[in-house]
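Peer 1: Right, I'll just put the structure down here and ask away after.
The values are calculated or read from the model by the stated rules, or taken from the named source; none is laboratory data. Because the structure is predicted, anything quoted here is derived from the model rather than measured. Heads up, the Cβs are rebuilt from the backbone with ideal geometry, glycines too, and the neighbour counts pull from every protein chain shown.
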Amino acid sequence: MLDRLDKILGSPEFDPHGDPIPTKDGKIVARRIRNLLECQQKHLLTVKLLTDQGTDFLNFARRKGLVPGAGMEVLSRDLVSDAVKLRVGQTKPFTLGSKAAKKILVSS
């Protein structure tokens, strides 16, 4: 059964939300990820995982283009309001509050 699923799905390492899928022998791919608030400005990043699986957050993230695999950049960080200004792909920049930014894990 697992072999058929792997063949149909292309043996994915991660589910659509970015959570790792174990291999047949139970191994999980290790990766270095951090939340958006831990990232430096002006670095290109890739969305890897959304830690909030709630419908409202997933819909919000999808509308903003914040889905696993999406390229993005932290343009600036406002320490007073605890928010980050982002650009996802070639979209118009937008500001994201710290509560949401902590739920988006990325890698360089």
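Peer 1: Can you tell which of A83, A30, A101 is modelled with pLDDT of 95 or more and hydrophobic (A, V, I, L, M, F, W, C)?
Peer 2: Numbers: A83 fails: modelled with pLDDT of 95 or more; A30 fails: modelled with pLDDT of 95 or more.
Going through A83, A30, A101 in turn, just one is modelled with pLDDT of 95 or more and hydrophobic (A, V, I, L, M, F, W, C): A101.
Peer 1: Do we find that P12 is without any contact (Cβ under 8 Å) to a residue 24 or more places away in the chain and in a loop (DSSP other than H, G, I, E, B) in this structure?
Peer 2: Details: without any contact (Cβ under 8 Å) to a residue 24 or more places away in the chain: yes; in a loop (DSSP other than H, G, I, E, B): yes.
Yes; evaluated as a whole, the condition is true for this residue.
Conditions tested, residue by residue: (1) at negative phi; (2) in contact (Cβ under 8 Å) with a residue 40 or more places away in the chain.
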| position | (1), (2) |
| --- | --- |
| I8 | yes, no |
| C39 | yes, yes |
| K42 | no, no |
| F57 | yes, yes |
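Peer 1: Hey, another quick one. Looking at the stretch 62-101, what strands (runs of 3 or more DSSP E) fall wholly within it and have at least 1 residues that are touching a Ser or Thr at 6+ places or on another chain (Cβ under 7 Å) and not polar (S, T, N, Q)?
Peer 2: Working: elements: 71-78, 83-88, 94-97.
It comes to 71-78, 83-88.
Peer 1: Can you name the number of the only condition in (1) more than 24 Å from R31 (Cα to Cα); (2) at pLDDT 95 or above that T91 fails?
Peer 2: Tallying (1) more than 24 Å from R31 (Cα to Cα); (2) at pLDDT 95 or above, T91 fails exactly one: (2).
Peer 1: Okay, moving on. Pick out the one residue from L45, L86, L58 that is more than 28 Å from S11 (Cα to Cα), of a type in the set (A, V, I, L, M) and surrounded by 11 or more Cβ atoms within 10 Å (Cβ to Cβ). Let's see the steps before the verdict.
Peer 2: Working: L45 fails: more than 28 Å from S11 (Cα to Cα); L58 fails: more than 28 Å from S11 (Cα to Cα).
Testing whether each residue is more than 28 Å from S11 (Cα to Cα), of a type in the set (A, V, I, L, M) and surrounded by 11 or more Cβ atoms within 10 Å (Cβ to Cβ) leaves just L86.
Peer 1: Taking the stretch 15-37 only, how many residues are assigned to a loop (DSSP other than H, G, I, E, B) and surrounded by 10 or more Cβ atoms within 10 Å (Cβ to Cβ)?
Peer 2: Keep residues of the stretch 15-37 that are assigned to a loop (DSSP other than H, G, I, E, B), which gives 15-19, 21-33.
From what is left, the residues that are surrounded by 10 or more Cβ atoms within 10 Å (Cβ to Cβ) are 15-19, 21-23, 28-29, 31, 33.
Here the count works out to 12.
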